[in-house]
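Have a look at the structure below before the remarks.
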């Protein structure tokens, strides 16, 4: 086994690790963008989204929160109802 071979193996392992990390981050961002689009499309069916609401939704980061908001958007009959429940003001 040569030193060159060992270096090549180490570099391959490093490339593989970096590729895994990048893939994980890209998948996370694509999932966020897809969920956000789905939420906004559902809400657009019941009203006009304000720029403020768009920005607030875009600032969300947690996958569990996106799941909750997607389900909420599918259930509400108005933007106002969504905002009330989104803000936790609804009963």
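Considering only residues that are within 19 Å of the chain's Cα centre (by Cα) and loosely packed, with under 13 Cβ neighbours inside 10 Å, which ones fall in segment 66-86?
Answer for segment 66-86, where residues must be within 19 Å of the chain's Cα centre (by Cα) and loosely packed, with under 13 Cβ neighbours inside 10 Å: 67, 71, 74.
Taking the conditions exactly as written (out of contact with any strand residue (DSSP E or B) (no Cβ under 9 Å at 6 or more places or on another chain), surrounded by 10 or more Cβ atoms within 10 Å (Cβ to Cβ), in a helix (DSSP H, G or I) and at pLDDT 95 or above), does residue 41 satisfy them or not?
yes
Quick one: which residue in 48, 1 is modelled with pLDDT of 90 or more, loosely packed, with under 11 Cβ neighbours inside 10 Å and not in a helix (DSSP H, G or I)?
48
In this structure, is residue 31 exposed (fewer than 10 other Cβ atoms within 10 Å of the Cβ), within 11 Å of the chain's Cα centre (by Cα) and touching a residue at least 12 places away in the same chain (Cβ under 8 Å)?
No, not satisfied.
Determine whether residue 89 is surrounded by fewer than 13 Cβ atoms within 10 Å (Cβ to Cβ), over 15 Å from the mean Cα position of the chain (by Cα), in a loop (DSSP other than H, G, I, E, B) and modelled with pLDDT under 90.
Criteria met by residue 89.
The values are calculated or read from the model by the stated rules, or taken from the named source; none is laboratory data. Computed from a predicted model, the values in this text were never measured in an experiment. Neighbour counts are summed over all protein chains in view; Cβ atoms, including those assigned to glycine, are modelled from backbone coordinates with ideal geometry.
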